[in-house]
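Reading through the structure tokens given below for one structure.
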Amino acid sequence: MTKPPDIDRNVGSASRRRFLREGSALLGGAVIAGGLAGSEARAAENTGNLPPNVPEWMKTPGDPMGTQPYGAPSPFEKDVIKNVSKTLPQYLSASGRTPLQDLDGIITPNGLFYERHHGGVPTIDPAQHRLMLNGLVDRPLIFTMDDIRRFPSESHIYFLECSGNPEYKKPYGKTASDLVGLLSCAEWTGVSLKLVLQEAGLQPGAKWVVAEGADSAAMTRSIPIEKCLDDAMLAYSQNGERLRPQQGYPLRLLVPGFEGNMNVKWLRRLHVTAEPAYSREETSKYTDPMPNGTAREFTFYMEAKSIITRPSGGQRLTAPGFREISGIAWTGRGKVSRVDVSVDDGKSWQQAQLQEPVLTRALTRFRLPWHWDGKPAVIQSRAIDETGYVQPTLAELLAVRGDNYVYHNNAIWPWRIAEDGEITNANA
Ligand SMILES: Nc1nc2c(c(=O)[nH]1)N[C@H]1C(S)=C(S)[C@@H](COP(=O)(O)O)O[C@H]1N2
Ligand SMILES: [Mo]
């Protein structure tokens, strides 16, 4: 894979100013034109809520405090929900995707955090939950949740992504959520796993920590000791509040940048060993058969990836003019160092602006001002991470891995924009 040429940053900001001027003129025109014809405007007109009238919601006091002791989104946002497959059975082995195309910034609200589970979502009483730590340690220990919370805490913003995102054999989704919605990002609070392991004392020969969940799947994964002594953590909170049941309440393992599956939820046991467990999830699953008959297993890190979330599949551009292209990029290897965007089907690329701060193993938002001329276009983004790795096209990925595998698909996802503004998946 070749590295794209560098593009002068100043070009982007100069054209941004121009686009904004043209865009606001155009937008003004569109609002006036659509104001009389649009059905939304008609409905508003009927209720007399548009200027110069005083809207009805100003004429009486609003709802009293206390009708909603735990806040919820506006009823007008009722369609911003998890994307649950209607064709798959959604009980024991289930997934719900984050509606990435409807979100801004980099943090996923807890109610929209993607979920993936293999044995349903257990209802765990934290008072009866225990974490066992045994195997190659000096002192086997059992922790209550109170014990865990007595350790010094830390908070970090990390993304989490399922490595079946999307599964290779069905890259035919319509929306950003269909394609890469098994991806979310939160601020996690918990305790460094290293501290907890030190409390028990690691014995020589300790090379792996086998983590087991307290769900009916008893989902089990082996984590290399280097990661356990680095940035791995035991998390009990997510965006400031305790974990949601779907995210592993009351305690989950977080191995930042590693494939989602290794982040064992409802964590009940850490077994320190010399060898990996070769559990189901690290042999028959989450392993990629290669064209030469071997298999890639224990791949751990999620490679650099990005997607344009706005404008994106399922949305429609209503008029030519200024558009901000916005999307997210991430890499399990550290920080995103650059995102390039192409608006001409990959013929040329421009450097997008990265929203600060750019954090290690967190989502990074990128933006590029754009003027849609009303003609058919293919837009796409590619992420480059701090190791120099460049996100591949689907064709490049297939050339290396063949088409006989389902996990770890980090290909570029281009969107096709038709003349009427309709946006579809250009890889499908
Ligand atoms: N105990 C347990 N841990 C689990 C799972 C599970 O089914 N059981 N699913 C795994 C998979 S496949 C993924 S992608 C992530 C999903 O985390 P989330 O549901 O919080 O998004 O959790 C992992 N940890
Ligand atoms: Mo997963």
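The values are calculated or read from the model by the stated rules, or taken from the named source; none is laboratory data. Keep in mind that this is a model prediction, so the values were computed, not measured. Every residue, glycine as well, gets a Cβ built from its backbone with ideal geometry; the counts of neighbours run over all protein chains shown.
Checking each residue in the stretch 70-123 for being out of contact with any helix residue (DSSP H, G or I) (no Cβ under 8 Å at 6 or more places or on another chain) and aromatic (Phe, Trp, Tyr) picks out Tyr70, Phe76, Tyr91, Tyr114. Kindly indicate the residue of the stretch 182-208 that is touching a Gly at 6+ places or on another chain (Cβ under 8 Å) and of a type outside the set (S, T, N, Q) and also farthest from Thr144 (Cα to Cα) among those meeting that condition. Looking at the filtered set, the residue picked out is Leu182. Part of a loop (DSSP other than H, G, I, E, B), surrounded by fewer than 10 Cβ atoms within 10 Å (Cβ to Cβ) and touching a residue at least 12 places away in the same chain (Cβ under 8 Å): which single residue out of Tyr91, Tyr70 fits that description? Result of the check over Tyr91, Tyr70: Tyr91. For the stretch 283-307, the set of residues classified as over 22 Å from the mean Cα position of the chain (by Cα) and not small (Gly, Ala, Ser) consists of Thr283, Pro289, Met290, Pro291, Asn292, Thr294, Arg296, Glu297, listed by residue number. Quick one: is Gly205 under 22 Å from the mean Cα position of the chain (by Cα) and either more than 19 Å from Gly190 (Cα to Cα) or within 15 Å of ligand 2 (Cβ to nearest atom) (or both)? When the stated conditions are applied, Gly205 does not pass them.
Against the definition (surrounded by fewer than 19 Cβ atoms within 10 Å (Cβ to Cβ), in contact with a Leu (Cβ under 9 Å, 6 or more places away or on another chain) and not in a helix (DSSP H, G or I)), how does Ile157 come out, yes or no? Criteria met by Ile157.
The residue that is nearest to the chain's Cα centre (by Cα), counting only those in the stretch 149-200 that are more than 16 Å from ligand 1 (Cβ to nearest atom) and hydrophobic (A, V, I, L, M, F, W, C), is Ala176. Just one of the listed residues (Asp178, Asp147, Asp138) is under 19 Å from Pro250 (Cα atoms) and charged (D, E, K, R), and it is Asp147. Taking residues in the stretch 143-170 that are closer than 22 Å to Gly334 by Cα and in the same structural domain as Pro256 (by TED's automatic domain parsing), and partners anywhere that are within 14 Å of ligand 2 (Cβ to nearest atom) and among the charged types (D, E, K, R), the pairs with Cβ atoms closer than 6 Å and at least 6 places apart or on different chains are Cys162/Arg116; Ser163/Glu259. Against the numbered list (1) away from ligand 1 (no atom under 14 Å from the Cβ); (2) among the basic types (Lys, Arg); (3) part of a loop (DSSP other than H, G, I, E, B), Lys285 comes up short only at (1). Here is the figure for the stretch 354-367: residues that are touching a Ser or Thr at 6+ places or on another chain (Cβ under 8 Å) and in a strand (DSSP E or B) total 4. Restricting attention to the stretch 378-399, the residues that are among the charged types (D, E, K, R) and assigned to a loop (DSSP other than H, G, I, E, B) add up to 1. I need the full set of residues from the stretch 327-356 which are surrounded by 23 or more Cβ atoms within 10 Å (Cβ to Cβ) and hydroxyl-bearing (Ser, Thr, Tyr), in order please. Thr331 - this is the single residue of the stretch 327-356 that is surrounded by 23 or more Cβ atoms within 10 Å (Cβ to Cβ) and hydroxyl-bearing (Ser, Thr, Tyr).
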